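S.K.: This is the structure I have questions about; it appears just below.
The values are calculated or read from the model by the stated rules, or taken from the named source; none is laboratory data. Values in this document were obtained by computation on a predicted structure and should not be read as measured data. Heads up, the Cβs are rebuilt from the backbone with ideal geometry, glycines too, and the neighbour counts pull from every protein chain shown. Quick note on the areas: whole protein, heavy atoms, side chains included, nothing else; ligands and nucleic acids left out. Shrake-Rupley method; radii C 1.70, N 1.55, O 1.52, S 1.80 Å.
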Amino acid sequence: MSFSHTSNSNLSTRLIKALTSEQSGLLRSVADESARLGLPLYIVGGFVRDLLLGHHGLDFDLVVEGDAIRLARAMVEKHGGKVTVHTRFRTAQWFPPPATNLPAFVDFISARSESYKLPAALPTVKPGTLTDDLSRRDFSINTLALRLDGDSFGELHDELGGLEDLQAGIVRVLHPASFMDDPTRLIRAVRYEQRYGFQIAPTTLALFPGALPIINKLSAERVRHELDLVLEEEKDACMLKRLAELGILAGVHPALKWNHSTEMRFTQGLAAVQTIEHPPSHRSLAWTLWLMDVPLPDLEGIETRLHFESGLRELLLAASALFADAKSLADKKPSRCVEILKRTPLKAVQAVSLALPAGLARRVLRDYLETWRHVKPKTTGHDLMKRGLPPGPEYKRILGTLRVAWLDGELKTEAEEVDLLETLIRA
Ligand code: ATP
């Protein structure tokens, strides 16, 4: 990979070209406002990294040397929209009035320095310079900044060797205690390595073993969020494989595994998702395909570690139970399969149908999803009433028997249904 830019380059042309006129207008407007307030302003992190790699993101992370909340509020006064603030970190999110081509929100960060009193805990923060702010970040490739205010628009700031690492395709932490401070960075390193086909610097990789035991100090929400981000990535399977190889999955929970059969199920299941109507969300499906063969007690252990939201928890448990039992459906009558499957949440049946290899069990689930669950006799309760039958449990028996007969292929025509109905009424 090669860039024509050096650390004192001005990337204004490249920046303008990467954005629509509305987007660059928005950045110009923030820049004008920050110049008016005398606050140096930079766009930092993933946006700059991706701009240099030729990808165009809309993640506007703006660092202000000064009070970011004041600048965000000034933008609301100028353009409208709303702002939410986090006073502890002096950050703000500005939600401009919705418009096509504009990001839904812009992050305003007051440049700060951070120190970690305890491993994996939240840091103590105090106001700082751009360099302080960049020094608290995860990897050198995320420390590039472009100045936006005044005449300096587009000026590249490479304070911590990010450009050289980006050029060489290297993921490198900024200091040896980085993973101890925040072990979510172990997962983030793998995400960048696999997403861009980069390499983790050998000195950074050498820090992994020492940080693995600290993963268990992270809260459920923080680890789950990082794994959720992995599952949103195009190269999710490669990332999970690498996380397993490096012992990170086991560091999260010993029952979190990744092997060849997991990979087949996961990739084939996700690839086939368009064959299903109204499937589970991508994230839920990815989790479910991944964890489907984990035995129940282990799955409960993983759930205790990661605290899935209740809908996903229910889906995982139901899918894992059905997956373990799916083969037994192959030699049951359709009506019996329907009886069993209707007790399982539909999304779990869908997920298992995507996970199973071609064969009888998968056919059963597909038939259930596409046809069997919709099968009803032509006769309705209304017809039975018209025949003078008093409403009661008899209705359920008769209509249920007709449905079973249709499902199991004992009825093929409406005339046959009428004959069976007569027999049932007389019985
Ligand atoms: P992505 O393309 O994955 O969204 P990003 O760089 O935009 O990448 P975010 O998760 O949006 O990543 O974070 C924004 C910036 O905040 C990062 O570029 C990085 O500089 C910093 N950052 C995020 N998480 C951490 C962390 N755990 N430790 C240190 N810095 C972090």
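S.K.: Applying the selection to region 394-424, what residues are of a type in the set (A, V, I, L, M, F, W, C) and touching a residue at least 40 places away in the same chain (Cβ under 8 Å)?
M.R.: Listed by number, the residues that qualify are 404, 407, 421.
S.K.: Under 6 Å between Cβ atoms, which residue pairs at least 6 apart in sequence (or on different chains) link something in region 33-54 that is outside the structural domain of residue 68 (by TED's automatic domain parsing) with a partner that is among the polar types (S, T, N, Q) and in a helix (DSSP H, G or I)?
M.R.: Within 6 Å, no pair qualifies.
S.K.: Could you list all residues from region 161-174 that are within 15 Å of the ligand (Cβ to nearest atom) and open to solvent by less than 60 Å² (accessible area, probe 1.4 Å)?
M.R.: Hits for region 161-174 are 161, 162, 163, 165, 166, 171, 173, 174.
Residue-by-condition table, conditions (1) of a type in the set (Gly, Ala, Ser); (2) part of a loop (DSSP other than H, G, I, E, B); (3) modelled with pLDDT of 95 or more:
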| site | (1), (2), (3) |
| --- | --- |
| 73 | no, no, yes |
| 108 | no, no, yes |
| 117 | no, yes, no |
| 125 | no, no, no |
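S.K.: A further question on this structure: Would you mind finding the one in 406, 372 that is within 30 Å of residue 286 (Cα to Cα) and either surrounded by 13 or more Cβ atoms within 10 Å (Cβ to Cβ) or among the aromatic types (Phe, Trp, Tyr) (or both)?
M.R.: Step by step, each of 406, 372 is checked, and only 372 is within 30 Å of residue 286 (Cα to Cα) and either surrounded by 13 or more Cβ atoms within 10 Å (Cβ to Cβ) or among the aromatic types (Phe, Trp, Tyr) (or both).
S.K.: What number goes with the only condition from (1) surrounded by fewer than 16 Cβ atoms within 10 Å (Cβ to Cβ); (2) touching a His at 6+ places or on another chain (Cβ under 9 Å) that residue 310 does not pass?
M.R.: In the conditions (1) surrounded by fewer than 16 Cβ atoms within 10 Å (Cβ to Cβ); (2) touching a His at 6+ places or on another chain (Cβ under 9 Å), residue 310 misses (2) alone.
S.K.: Among the listed residues 60, 47, which satisfies the condition of being touching a Phe, Trp or Tyr at 6+ places or on another chain (Cβ under 8 Å), modelled with pLDDT under 95 and not charged (D, E, K, R)?
M.R.: Answer to the check: 60.
S.K.: Let me spell it out: the conditions are (1) modelled with pLDDT of 95 or more; (2) open to solvent by 10 Å² or more (accessible area, probe 1.4 Å); (3) more than 24 Å from the chain's Cα centre (by Cα), and residue 93 meets all of them except one. Which number is the exception?
M.R.: For residue 93, the exception is condition (3).
S.K.: Which ranges mark the helices (runs of 4 or more DSSP H) fully within region 175-242 that have 2 or more residues being farther than 17 Å from residue 116 by Cβ and more than 13 Å from the ligand (Cβ to nearest atom)?
M.R.: 202-205, 208-211, 220-231
S.K.: Here is a follow-up. Modelled with pLDDT under 95 and charged (D, E, K, R): is that true of residue 333 in this structure?
M.R.: Against the criterion (modelled with pLDDT under 95 and charged (D, E, K, R)), residue 333 does not qualify.
S.K.: Can you tell me which residues in region 124-141 are open to solvent by 10 Å² or more (accessible area, probe 1.4 Å) and within 11 Å of the ligand (Cβ to nearest atom)?
M.R.: Within region 124-141, 135, 136, 137, 138 qualify.
S.K.: Give me a count of the residues in region 55-75 that are more than 14 Å from the ligand (Cβ to nearest atom) and open to solvent by 40 Å² or more (accessible area, probe 1.4 Å).
M.R.: So the count comes out to 4.
S.K.: Can you pull out the residues in region 106-123 that are small (Gly, Ala, Ser) and open to solvent by 50 Å² or more (accessible area, probe 1.4 Å)?
M.R.: Hit for region 106-123 is 115, nothing else.
S.K.: In region 13-53, how many are within 15 Å of the ligand (Cβ to nearest atom) and open to solvent by 50 Å² or more (accessible area, probe 1.4 Å)?
M.R.: Total meeting the criteria: 0.
S.K.: Could you please find all residues in region 237-249 being surrounded by fewer than 16 Cβ atoms within 10 Å (Cβ to Cβ) and either without any contact (Cβ under 8 Å) to a residue 24 or more places away in the chain or basic (Lys, Arg) (or both)?
M.R.: Across region 237-249, the qualifying residue is only 245.
S.K.: Identify the single condition in (1) open to solvent by 60 Å² or more (accessible area, probe 1.4 Å); (2) assigned by TED's automatic domain parsing to the domain that holds residue 351 that residue 265 does not satisfy, given that it satisfies every other one.
M.R.: (1)
S.K.: While we're here: Looking only at region 144-153, decide whether some residue is surrounded by fewer than 22 Cβ atoms within 10 Å (Cβ to Cβ) and either assigned by TED's automatic domain parsing to the domain that holds residue 207 or under 28 Å from the mean Cα position of the chain (by Cα) (or both).
M.R.: No.
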